[in-house]
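Working notes, beginning with the structure itself.
None of the figures in this text is laboratory data; all of them are computed from the coordinates on show. As the structure is a computational prediction, the values presented were derived from the model and not from experiment. Note that each Cβ is placed from the backbone with ideal geometry, even for glycine, and that neighbours are counted across all protein chains shown.
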Amino acid sequence: MTPFPDTDAPPGSELFGPDPTANLLPGDGIVNYYGPILSVKDADRYFAALLADVPWKSDEVVIFGKRIETARKVAWFGDSAYGYTYSGTTRHALPWNAELRALKQLIEQTSGAIYNSCLLNLYHDGSEGMSWHSDDEKELARDAAIASLSLGAERKFSFKHKRTSATTSVTLEHGALLVMRGTTQTHWLHSLPKSKKVTAPRINLTFRTITCL
Ligand SMILES: O=C(O)CCC(=O)C(=O)O
Ligand SMILES: [Fe+2]
């Protein structure tokens, strides 16, 4: 009997999950995937608390000049009531609640960066996603780390290079952390593709740094 029958990975690596120092991108930016940083029990607890306590609102996007309300819901929290403008609408950040304060501290420790705001997205099922974009709004500090925590249904997350169209994808697990660093937003787009296979909801939190306060 072979000791590691199911994998070509180095012995033991499957016990410790992904290597968070490995870069998912071939260059022009850095994306680290930490895998789950919360126990399933804690991830379940945060998912339920955020689903119930966050004042979820539809987002607005402009497609071919038309203003569309998304089925996906959003909320925005921050250190102070920052104004944040996208698709021609300015929103103001809500003050941190207890769950978000605890998650922010854990994610700052794990990722080695600090954040002053968090955008939350609620996808009710796989019919909702987010199309190709980069997080390059003028309010965001250039090249600052963006830390993404996933709760709920597993979803695929994809990157596409703006010039070469090279793509790469990762599965975002319940309770998992992904961090985009350096010039990632300058050179790469990312998306959360829709999927007919996903029937359960997912909450995503992206911790960010807003400038021009
Ligand atoms: O839901 C996700 O994983 C990604 C969300 C995202 O890209 C964003 O909010 O800018
Ligand atoms: Fe994004």
Signed unit charges on C-beta, dipole axis of the chain, positive-most listed residue V61, A113, L177: V61
Any chance you could check the Cα centroid distance between segment 60-85 and segment 173-211 for me, in angstrom? 16
Projected onto their principal axes, the Cα atoms of segment 80-179 stretch, largest extent first, over whole-Å spans of 38, 31, 30
Counting only Cα, what are the radius of gyration and maximum Cα-Cα distance Dmax of the chain, in Å? 17.4, 63
Along the principal axes of its C-alpha atoms, what lengths does segment 14-95 span, in descending order and rounded to whole Å? 47, 36, 27
So what are the ³J(HN,Hα) numbers for segment 121-134, from phi and the Karplus equation (6.51, -1.76, 1.60; θ = phi - 60°), rounded to whole Hz, Gly and Pro as x? 10, 10, 9, 5, 6, x, 6, 10, x, 9, 6, 4, 6, 10
At 0.36 nm per residue, and after removing the present C-alpha to C-alpha distance, how many nm does the segment from H92 to I114 gain when stretched out fully? 5.9 nm
In whole Hz, the Karplus estimates of ³J(HN,Hα) for segment 19-35 (6.51, -1.76, 1.60; θ = phi - 60°; x where Gly or Pro) are 8, x, 8, 6, 8, 5, 8, x, x, 6, x, 9, 10, 10, 10, 8, x
Label-zone membership for segment 192-209, site D135, 7 angstrom Cα→C-beta point, backbone N under 14 Å: 192, 204-209
Lys and Arg at +1, Asp and Glu at -1: add these up for the other residues within a Cβ distance under 11 Å of K194 and post the number. +3
Residues of type lysines that K156 reaches as a straight line, Cα spacing below 19 Å, ignoring anything fewer than 8 places off in the same chain: K73, K194, K196, K197
